Amino acid sequence: MKYPIVIEPGSETTAFGVEVPDLPGCFSAGDTLDEAIENSKEAIALWIETVLDDGGTIPEPKGVADYAKDPDYAGWIWAVVEVDSTLLDDTSERVNISMPKRILSRIDRYASAKGETRSRFLVNAAMDRIMHAGGGSLK
């Protein structure tokens, strides 16, 4: 999926600022133009993950032409960045993992007592670990 970004030119003393018009409040920066563009990809991914984790919906990206005439962006630089579309994919995928039987038995007992399936428990445990580790930065 491709998102247009708009970049406020930087200088030797200020960073290049990036806004993502399709994603309210999604912004980034970089010391160079290339760094600003690259950093915007991580900002977009984290914005999408946060909104989906909070139960929100993600707006479809529009084209640069939809925003280019906005006077607020006069003199800014436009670019389009590609973001991994699997960020929006909530379809289930069967995976094969290995773990000691005694751990699997404990997981099954715990999940059953909480009225969960094994899969739901493992997903919740993984997301809890990711969130407590700082949101699972892409770097």
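Residues in the range 118-129 carry Karplus couplings, in order, of 4, 4, 4, 4, 5, 4, 4, 5, 5, 5, 4, 5 Hz; the curve used is 6.51 cos²θ - 1.76 cosθ + 1.60 with θ = phi - 60°, and Gly or Pro positions show x. Sequence-ordered 3J(HN,Hα) estimates for the range 20-27 from the Karplus curve with 6.51, -1.76 and 1.60 and θ = phi - 60° stand at 10, x, 6, 10, x, x, 8, 8 Hz, glycine and proline given as x. Between L104, M127, T117, the Cα set farthest toward the positive side of the dipole of the range 95-139 (charges on each charged residue's Cβ, about the Cα centre) is that of L104.
For the pair I77 and D53, label points projected 7 Å from Cα toward Cβ lie 3.1 nm apart.
Pairs of Lys residues in the chain are counted when their Cα atoms are under 17 angstrom apart and they lie 8 or more places apart or on different chains; the count is 4. Scanning residues 5 or more positions from A29 or on other chains, those with amide H under 5 Å from its amide H are V18, with H placed 1.01 Å from N in the peptide plane.
For Kirkwood radius over Cα pairs in Å, computed directly from the structure shown, the correct entry in (1) 14.9; (2) 17.7; (3) 17.1 is (2). Rounded to the nearest 20 debye, the dipole size of the chain about its Cα centre is 1340 debye, using +1 on the Cβ of Lys and Arg and -1 on the Cβ of Asp and Glu.
Counting alpha carbon pairs within less than 8 Å and at least 6 residues apart, what relative contact order, in whole percent, applies to the chain? Mind showing how you got there, number by number?
Working: 159 pairs, mean separation 33.4, N = 139.
With pairs under 8 Å counted, the relative contact order is 24 percent.
Would you please name the GluC sites (Glu not before Pro) within the range 11-90 that are DSSP coil residues with at most 10 other C-beta atoms within 10 Å of their C-beta? Qualifying residues, ordered by number: E12.
Values in this text are rule-based calculations from the coordinates and carry no lab data. Just so it is clear, the model here is predicted, and its values are computed rather than measured. As a convention, Cβ positions derive from the backbone with ideal geometry for all residues, glycine included, and neighbour counts pool all protein chains shown.
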